[in-house]
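Worksheet: the structure to be examined is printed underneath.
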Number of protein chains: 2
Amino acid sequence: MLPLHNSNIHITIPKMGCWFFILMLTITTAVASPIKNQIHLLRPHSGSAGHKHSDINCLSWRLAVETDNLQDWTLVPQACKDYVGHYMLGKQYRDDCDFVAAEAYKYAKGLNLTKDGKDIWVFDIDETTLSNIPYYALDNVAFGSIPYNATSFDKWTAKAVAPAIPGSLKLYKQLIKLGFKIVFLTGTREKFKEPRIKNLKGVGYTQWEKLILKGDNDHGNGVEYKSSKRKELVEGGYRIRGNMGDQWSDLLGSNPGDRTFKVPDPMYYIA
Amino acid sequence: MLPLHNSNIHITIPKMGCWFFILMLTITTAVASPIKNQIHLLRPHSGSAGHKHSDINCLSWRLAVETDNLQDWTLVPQACKDYVGHYMLGKQYRDDCDFVAAEAYKYAKGLNLTKDGKDIWVFDIDETTLSNIPYYALDNVAFGSIPYNATSFDKWTAKAVAPAIPGSLKLYKQLIKLGFKIVFLTGTREKFKEPRIKNLKGVGYTQWEKLILKGDNDHGNGVEYKSSKRKELVEGGYRIRGNMGDQWSDLLGSNPGDRTFKVPDPMYYIA
């Protein structure tokens, strides 16, 4: 049986939304069936429905992640695996992404663009413009509660089948209409350039000014790598008017952009 | 009748916690009674329990506030008044505060202090160390969904009866034991110095290195004011090892501190 919350899924996003919806439905069904990674209603184990109390309040844990109060964590706590799974597959995650995208658009449309092609919006890719939920929902990934397997994740990336995050795709299209140039800045390695292009184009991100991937000579952690690439952009005359990512390491460091937007991601942490 | 969630209130915090608990219970009863500011279970109006949908998802709204995605807002949306009220009076807010404090302590105890008295922890006051919930729960304040009344809030501040936020008080005591000097840095005006001292001491914040209030010559917004005061601290030889506030304007700007911690506050925004 599908969890109750799926009866409330938003289906107002045309085309991509529909595909995303069907995909999510498939994943939800797959995940909710037999036993592994069963998901439950989005609430703490608060006792009112007879659930056992966990030592950790998963809502507090997630808020601490999103506000960068919790840093350098490596795994979703076991006690929050189901909570995170439900959140990612449910309506709340989509609403949270939509809300951020809507705020970003409000900000963006209030800006005075110079129309010289130098006003850019920087998007991270994974969990910002493309969603890896289909991968993270696998039994041996379990929404980030099992140690990261680079080989397995690389194989998934190479498939180039990650769906778009609907709110971000809508924002992307709105930004282009407003006159922004789009820069994708990702920690994905250069060798995955072709599948990334295929994936982005396949789901509706059809144009961009630059797609920056991590080269063999790019070292350092997320903050250092992304800062150095943003520095190059600014030195190239670009104005970073907005910068959106799912990790604080996308948004901190030098040249962060005139305004940054954090989209939710309780599945993993990149320093 | 008290809302269901109150049966789960944590009562593990000694002394202050008990007082806080009794106070909260009183407020909850007062607020939940007749009609004004009635509170409901912490969940979106999601349909599954027959609630009507609101145009705004209050969980998404609050997340956007806490992550600084939503900026320069003036009022809690009418549709989220009850949600915010419930959150502030309920277990989740306390758990969220406790979680941040616990993370801050984990970080703090890992630091190597020089023991020269120059390692400081900066605390904001309102909604960081002291709670204004008793004021914000009033009918004519309604958890920040009614325009701010400076005269009325000043009168409340002058009463010096704000309770401590239990998690922060616990952290404060832990930090002192570790050897930190405490600096309170608040946007409260200098003329309220005496009631602030009385209030802080009255609830258990009994010692500090400095209590910095906003003087008549201090101008600028929150970021500018707090940055300038932190600059003075650093110029005075202090090392800001941690900085905790409920507003992003407490934590952004220059000399933010080695690490910042954002405690929740969905009731108001200070630029």
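The values are calculated or read from the model by the stated rules, or taken from the named source; none is laboratory data. Note that this is a predicted model, so its numbers are computed, not measured. Because the Cβ atoms are built from the backbone with ideal geometry, glycine has one as well, and the counts that use them run over all protein chains shown. Only protein heavy atoms, including side chains, enter the accessible area calculation; ligands, DNA and RNA are left aside. Shrake-Rupley method; radii C 1.70, N 1.55, O 1.52, S 1.80 Å.
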Among the listed pairs A:Lys173/A:Lys198; A:Lys226/B:Lys229; A:Lys262/B:Lys81; B:Lys155/B:Lys193; B:Lys181/B:Lys231; A:Lys155/A:Lys262, which are separated by more than 22 Å between their Cα atoms? A:Lys226/B:Lys229; A:Lys262/B:Lys81; A:Lys155/A:Lys262
Mind grabbing the interface size between A and B? I mean buried accessible area, both sides, 1.4 Å probe, in Å² to the nearest hundred. 2600 Å²
In Å and whole numbers, how far do the C-alpha atoms of region A:64-158 stretch along each principal axis, longest first? 48, 29, 26
Under a 5 Å amide H to amide H cut-off, with H placed in plane at 1.01 Å, what residues pair with A:Phe261 once short-range neighbours are removed? A:Asn243, A:Met244, A:Gly245
Solvent-accessible area, 1.4 Å probe, carbon plus sulfur percent, for region A:136-271: 51 percent
Extending each Cα 7 Å along its Cβ direction at B:Asn112 and A:Leu75, get the distance between those two points in nm, one decimal. 3.0 nm
A drop of at least 50 square angstrom in accessible area, chain alone versus all protein chains together, probe 1.4 Å. Which residues of region A:224-269 meet that? A:Arg259
As a test question: what accessible area, to the nearest 10 Å², does B:Tyr105 have when a 1.4 Å probe is rolled over all protein chains in place? 60 Å²
Pseudo-label separations to other copies for B:Lys109 - Cα-to-Cβ vector, 7 Å, nm: 5.1
Diffusion coefficient in µm²/s returned for region A:101-221 by Stokes-Einstein, Kirkwood Rh over C-alpha pairs, 20 °C and 1.002 mPa s, is 138 µm²/s
With a 1.4 Å probe and every protein chain left in place, tell me how much accessible area B:Trp208 has, in Å² to the nearest 10. 70 Å²
Just grab the label-to-label distance for A:Ile197 and A:Asp218, each label 7 Å out from Cα along the Cβ direction, in nm (one decimal). 1.6 nm
For region A:130-271, the per residue accessible area (1.4 Å probe, Å²) is 42 Å²
Accessible surface of A:Trp61 - all protein chains present, 1.4 Å probe, nearest 10 Å²: 10 Å²
